[in-house]
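For reference, the structure discussed in these notes is given below.
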Amino acid sequence: MFKTHIMKHKSKLPSVGTNIFSVMGALATQHNAINLSQGFPNFQSDPLLNDLVYKAMQLGHNQYAPMPGDLGLREAIAAKFELLYNTSYNPESEVTVVAGATQGIYTIISTFIKPNDEVIVLKPAYDCYEPAIQINGGKPIEIQLEAPNYEVNWDTVKQAITSNTKMIIINTPQNPIGTLLSKNDMQQLEKLLKGTDIIVLSDEVYEHIVFDGAQHQSACLFPELKSRAFIVASFGKTFHNTGWKVGYCCAPKSLMDEFRKVHQFNVFCVHHPTQKALATYLQVSSRYQELSEFYQNKRDLFLSLIKESRFKFTPAKGSYFQVLDYANITEAYDVDYAKQLTIHKGIASVPLSVFNTNGIDYKVLRFCFAKTDDTLKQAADVICSI
């Protein structure tokens, strides 16, 4: 009898399991619950955009795109920055199309983070940042923002900077909490980093979803930040097709040159017909400039329908997520409570503790309102019944 050899491997991410989005999404499906947990629309993208992708296929754009992305799309992205922020990126050397924002973020971190490098992460934080840091041997330096306002104390950030600090990750509009970094926030960060070699990774995937007349404060608006920043954005969030996994990164040439060295072996290029379609679709700026109004109407509808519920809330300032405080209802751990609501009440959300340092539980759940009005009304009925 031969003994079967049992292979042994040391995990590079020993503490990482199935992410909360997959857990809650599966639970919602199992119990036929209204799914406000995962961040995707349950309505269709523009049929015109779909037709443009099909047309690009018919025209034969079915082989590899250029490694940095279709030049027409990169030019359209650069034109968008000129229009919205009065700033320029060279489409040849400073814009790269990526297979979704998560891939862009992973590649940025892989490009620059070496063992023992420190990366400052403001918590709660989207869950793709820290695993990417850790798998490259880096060390996340977590700074927990406190509920309910989640404001950044820049003195605390300053104290966290050491000689090993290589990068700071910011996210505005913020997922999961729907807050914005203000102009003053960005100016303080700019002042803090002046004279350092610290890279800014600015996750701006919800840049076009900002409410109540506020302005998105992109890192590119601040010269000292722009000179050291990667801006990451997502067409999936903007045009209601998250499954297409197309986004882009912008950065100064010296940084982008290094990024592309990794990108070419990580992905090489992104779906060519979709890039051709987006290049055409972006020519009409109202297709992204009207997005804030579209989603503010959904936020306002959702909040008006749940205003008599037992949940407390501050209206989201951006993104398509609304956090609800349930401390007046129960002292249950938020992960347990989210599961209970899914199983017994038929509504799925995401518990915020999974995004916090050491799983701090502020008794808050995140609900996605990128849904049809009928879905939001059904969800509100359930929430008001709790």
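All of the numbers you see were taken from the coordinates with simple rules; none came from a lab. All of these numbers come straight from a predicted model, not from anything done at the bench. In this analysis, Cβ positions are derived from the backbone assuming ideal geometry, glycine residues included, and neighbour counts consider all displayed protein chains.
Based on Cβ point charges of +1 for Lys and Arg and -1 for Asp and Glu, what charge dipole magnitude is obtained for the stretch 324-382 about its Cα centre, in debye rounded to the nearest 20?
120
Add -39500 (n - 2.57) for each DSSP H run of 4 or more in the chain, then divide by its residues: what number comes out at 222 nm, to the nearest 500 deg cm²/dmol? Walk me through the intermediate numbers first.
Details: 15 runs with 147 residues, N = 386.
Roughly -11000 deg cm²/dmol at 222 nm, from the helical runs in the chain.
Return the FRET efficiency for the residue pair ASN358, ASN42: r is the Cβ-Cβ distance, R0 is 45 Å, and the value is rounded to the nearest 0.05.
Working: r = 33 Å, r/R0 = 0.74.
The calculated FRET efficiency here is 0.85.
Run the numbers on the chain and let me know its relative contact order in percent, using alpha-carbon pairs under 8 Å that are six or more apart.
Answer for the chain is 25 percent.
Any idea what the relative contact order of the stretch 166-260 is, in percent, if you count C-alpha pairs under 8 Å spaced at least 6 apart?
26
Pulled fully out, how much extra length does the chain show between ALA332 and ASN50, if you take 0.36 nm times their separation in residues and subtract their Cα-Cα distance?
Additional length available on full extension: 97.1 nm.
Could you give me the ³J(HN,Hα) list for the stretch 86-97, computed from phi with Karplus coefficients 6.51, -1.76, 1.60 and θ = phi - 60°, whole Hz, x at Gly and Pro?
Taking θ as phi minus 60°, the curve returns 6, 9, 10, 10, 6, x, 6, 10, 10, 10, 10, 7 Hz for the stretch 86-97.
What full-extension length gain, to one decimal in nm, is calculated for PHE268 and SER88 as 0.36 nm per residue of separation minus the Cα-Cα distance? Could the numbers behind the result be given before it?
On the way: separation 180, 0.36 × 180 = 64.80 nm, distance 2.47 nm.
Net length gain for the segment: 62.3 nm.
Any idea what the dipole of the chain comes to, in debye rounded to 20, about its Cα centre with Lys/Arg Cβ at +1 and Asp/Glu Cβ at -1?
So the dipole magnitude of the chain works out to roughly 880 debye.
Assigning unit charges at the beta carbon (Lys, Arg +1; Asp, Glu -1) and nothing else, what dipole magnitude in debye, to the nearest 20, does the stretch 228-344 show about its Cα centre?
Computed about the Cα centre, the dipole is about 440 debye.
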